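These notes are about the structure you will find just below.
The values are calculated or read from the model by the stated rules, or taken from the named source; none is laboratory data. Just so we're clear, the structure is a prediction, and the values are computed from it rather than from any experiment. Backbone-built Cβ (ideal geometry, glycine too); neighbour counts: all protein chains shown. For the accessible areas, the whole protein counts, side chains as well, though only heavy atoms, and no ligand, DNA or RNA atoms are used. Shrake-Rupley method; radii C 1.70, N 1.55, O 1.52, S 1.80 Å.
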Amino acid sequence: PFSFTLRMKVLLVLAILAVIALQATDASSTRAIRQYDVQVVGETPAQRLHRVEPGKKTTFNVHVPRDFSPTELLADLQLVSHHDGGLKLALKNIHDDTLEFEGEWTAPQREGVFEHNWLLNGGGKKRSATGVASTLEVTCSNGVFCDGIERLVNGTCQKERSPCDDSDDCTVDTCVEAFGGKCFNKAKAGCDVCFSDCVADCSGRTCGEDGCGGFCGRCPSGQGCLDGVCLAATADGTCESPLPLLNAQGIANFFDTTHFVQGDTSNGIDVKVPVCNSLSGAQELIYTFTVPQVSQSYVGIEAMMSGFDSVLQIFEDNCNGTVLQCSDDSSPPGNLGSRIVATLKPGKTYLLMADGYNLEQRGPFNLEIRFHKGCLPNCDGQFCGDDGCGGACGLCDSGEKCFKGSCISDPCTPNCVSENRECGDDGCGGTCGECTAANTYCLTDQREDGTVFFLGQCSDPFPSCNNLSPVCEGCTTSQFCGSDCKCHDLNAPLPDLVIDGDILAKEIYLEIASFSNSSCALSEGCVLGPGNRALLRFSVVSINQGLSDFFPPAPKTRPDLFVYGQCH
């Protein structure tokens, strides 16, 4: 169960996940509404959590904005749940700015997350309560991980065995409640082979990666790792002796050209760990450059690195200076390449670090760099066309033209009819149609280079499943309904993906970035509009600590579980 580690590279502009809604907002005036209170009848105030057992009664106390004059307040005014029309809250109090409603609700005999969107009802008509909603989790869980997971089986809450007990005599099983619950199954002496199919290899190595996601050790300050040995970090391309990014001709034409730099990290030393990938033990090369003095207040840089699964980082002054930006995967350049965009100060010196995702990601690479006076180039999601600063995001080959940031054939004939395509792109920047039947999706596949493309055919309908509020059919008296809408035996071994909080904390950092109207972040809803945004960036490592392997299906076989990002 420990052979699978899922690593996700995340850009978060602003995301808050709440099991229970603590605040509602009036869309017209953006006025904050006081939080509602969910009270489980019979519990003390200290026990008033957002968990409610199936079949148990709860009391909703909801405040909605008082957008009605006193003459419109009717004696029979009440809140009605859009989710459950039988749930009605009576008017309890009239405050200066809110109306307070209260009423009881009996939770259903199934586990899930239930949202009540409240509608005002009175005077024979029903109208929306300014978007106020209450969300409640119905669950058997007592909120304690290490004492066993509680499941709803045959109408009653039953407890599973210890979640960390792998029933293996070769391991010492420990459960830690912190951070939502974590399992540690440590192999006993002589049991490494039966415990894991990955055996750490540190023979003859005092530093670097051990081949199983860990390290054989770290080198002291002033030294770097090369082939498992700590060496003085004074070679060219290290923090002590960075390589010049540009030659004399490049410096003379600093703003007038796109700079192309070739390098090879096979000859580098692992000294610095990038902030956006603390697990990297790859060798890197570090370059230095100084921004010329100009009359503008800042200089914009856009740099891309390709050749392998790369990491690119820029910092001020020296290796201990402020990190302006770190990139681990970007499009362009695509294919696991990296790209940074940052504002620089005239006359100041910067370092650019070309690194790899892990020890295997090293070798020849290409850097493509552009500088602009008083302008921040932006080619997010664009492989050709204007970069917003008078330059180009890329050039198309002969026989191609740029269309909406991508290169297409010129002339271009849509392939919908010739290839019998009913959905997906038409090869000319348009679409062959959408899959309109319920629960059908346009099938995709993957090329050898990792790029995803539409097959042009719609899938057969997939059974719909609300994973937050699952419904199962045919469960026996010893089974529970899982979030996958399938029946599972109470103590059946299942995967359990948990986030590694230590790695997240090491890689979290803030930066300011600019987004254009063509940015992928804008088209995918990560930001609400173009312009400068403060970003909270971090990587997420999910470890499967469950008692069963996790096998995510391929998008080709389960397109209902994936969202295709056309921008990338």
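Report the gain in length on full extension from His95 to Ala438: 0.36 nm times residue separation, minus Cα-Cα distance, nm rounded to one decimal.
118.9 nm
Excluding ligands, DNA and RNA, the accessible surface per residue across segment 348-480 is 54 Å² with a 1.4 Å probe. Taking every alpha-carbon pair under 8 Å whose residues sit at least 6 apart, segment 75-187 reaches a relative contact order of 17 percent.
Sorted largest first, the principal axis extents computed over the alpha-carbon atoms of segment 333-462 equal 59, 38, 29 Å. Straight Cα distances below 19 angstrom link Lys401 to the aspartates and glutamates Asp380, Asp386, Asp387, Asp410, Asp425, Asp426, with same-chain residues fewer than 8 positions distant left out.
Phi-derived couplings, Karplus 6.51 cos²θ - 1.76 cosθ + 1.60 at θ = phi - 60°, listed residue by residue for segment 222-228: x, 10, x, 9, 9, 6, x Hz, with x used for Gly and Pro. On segment 203-248, 52 percent of the accessible area sits on carbon and sulfur atoms, based on a 1.4 Å probe.
Its relative contact order, with pairs defined as Cα atoms under 8 Å and 6+ residues apart, puts the chain at 12 percent. The helix-based estimate of mean residue ellipticity at 222 nm for the chain, built from -39,500 (n - 2.57) per DSSP H run of four or more residues and divided by its residue count, is -500 deg cm²/dmol to the nearest 500.
Close amide H pairs (under 5 Å, H built 1.01 Å from N) link Val153 with Gln158, residues at least 5 positions away or on another chain. Largest first, the residues Thr238, Thr322 sort by 1.4 Å accessible area into Thr322, Thr238. Applying the Karplus relation 6.51 cos²θ - 1.76 cosθ + 1.60 with θ = phi - 60° to segment 481-487 yields 3J(HN,Hα) values of 8, x, 5, 8, 6, 10, 7 Hz, where x marks Gly and Pro. Run the accessible area of segment 376-445 with a 1.4 Å probe and give the carbon-and-sulfur part as a rounded percent. That share works out to 48 percent.
Applying Stokes-Einstein at 10 °C and 1.306 mPa s to the Kirkwood radius of the chain, computed over alpha-carbon pairs, gives a translational diffusion coefficient of 56 µm² s⁻¹. Here, P(r) means the percent of Cα pairs in each 5 Å bin from 0 to the largest distance; for segment 204-315 it is 2, 10, 18, 21, 18, 12, 8, 6, 3, 1, 0, 0. Orientation-averaged projection of segment 395-513 equals 14.0 nm² [convex hull of Cα atoms, one quarter of hull surface area]. The phi-based Karplus calculation (6.51 cos²θ - 1.76 cosθ + 1.60; θ = phi - 60°) puts the 3J(HN,Hα) values of segment 428-443 at 10, x, x, 10, 8, x, 10, 7, 8, 5, 4, 6, 10, 9, 7, 5 Hz, whole numbers, x for Gly and Pro.
Going by accessible surface with a 1.4 Å probe and the largest first, Glu115, Glu511 read Glu115, Glu511. Counting only aspartates and glutamates at least 8 places from Lys345 when in the same chain, those with an alpha carbon closer than 13 Å to its own are Glu316, Asp317.
Partners of Lys506 within straight-line reach, counting lysines whose Cα lies under 16 Å from its Cα and excluding those fewer than 8 residues away in the same chain: Lys9, Lys272. In percent, rounded to a whole number, the relative contact order of segment 173-271 is 16, using alpha-carbon pairs under 8 Å and six or more apart.
Each peptide in 355-363, 486-494, 549-557 gets a packing score, the mean of other Cβ atoms within 10 Å over its residues, and the list from highest to lowest is 355-363, 486-494, 549-557. Highest average first, the peptides 468-476, 261-269, 273-281 ordered by how many other beta carbon atoms sit within 10 Å of their residues are 273-281, 261-269, 468-476. Heavy-atom accessible surface of Arg66, to the nearest 10 Å², is about 70 Å², with a 1.4 Å probe and all protein chains retained. Solvent exposure of Cys157, expressed as accessible area, is near 60 Å², computed with a probe of 1.4 Å over the protein chains only.
Counting protein heavy atoms only, segment 133-187 has 53 percent of its accessible area on carbon and sulfur, 1.4 angstrom probe.
Comparing Cα centroids, segment 314-359 and segment 134-184 end up 42 angstrom apart.
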